[in-house]
């Protein structure tokens, strides 16, 4: 299984270092590719038909780190690649949210879309460590 983050906009400092850090840390647990598109209307063209699509959405399911680990195990058992959709400042188009296989929330507070990438990567890193039975507190 591999994961992709399909996000609107280019990541910029100060978030670039955080994204690179977690992408490197994730390699042994879950290969993650980041795909950037200029605008929301470019998201759909970049999606893989066979992937499990997750819209990051404030109304989605909220999980703690242990639940993220169990969720990652479930996704691995399903044997499909996963794709996370992150909108830009305006959020995701409603058609993409409604058409996603799943909606996940990173919390009820509003996050900058670039920060949401780093938070998502950090949670995937913890989930990968938990799933592998390793300590996840750094």
For a Förster distance of 22 Å, can you work out the FRET efficiency between the beta-carbons of residue 39 and residue 119, rounded to the nearest 0.05?
0.45
Would you mind checking the tilt of helix 113-131 against the longest principal axis of the Cα atoms of the chain, expressed as 0 to 90 degrees and rounded to 10?
30 degrees
Only counting other Cβ atoms within 10 Å, I'd like 92, 85, 115 sorted with the fewest neighbours first.
115, 92, 85
If you fit an axis through the alpha-carbon atoms of helix 15-26 and take the longest principal axis of the Cα set of the chain, what angle between them do you get, 0 to 90°, nearest 10?
40 degrees
What is the gain in length, in nm to one decimal, between residue 2 and residue 90 on full extension, counting 0.36 nm per residue of separation less the C-alpha to C-alpha distance?
28.9 nm
Spin-label zone in the range 38-54 - amide nitrogen under 17 Å from a point set 7 Å from the Cα of residue 98 along the C-beta vector
41, 44
Taking the number of other C-beta atoms within 10 Å as the exposure measure, put 109, 1 in order starting with the fewest.
109, 1
Taking N as the number of residues in the chain, the ratio of its alpha carbon radius of gyration to 2.2 N^0.38 Å works out to 0.97
Based on other C-beta atoms within 10 Å, arrange 16, 110 from fewest to most.
110, 16
Projected-area mean, the range 1-79, by convex hull of Cα positions, square nanometres:
6.2 nm²
Quick check for you: which residues of the range 87-102 have the amide N under 17 Å from the point 7 Å beyond the Cα of residue 78 toward its beta carbon?
96-102
Could you work out how far apart the two model spin labels at residue 48 and residue 24 are, taking each label as a point 7 Å from the Cα in the direction of the beta carbon, and quote it in nm?
2.5 nm
Which angle from 0 to 90°, rounded to the nearest 10, does the C-alpha axis of helix 65-78 make with the longest principal axis of the chain?
80 degrees
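None of the figures in this text is laboratory data; all of them are computed from the coordinates on show. All figures in this text were calculated on a predicted structure; none of them were measured in a lab. FYI the Cβ positions are ideal-geometry reconstructions off the backbone, even for glycines, and counts take in every protein chain you see.
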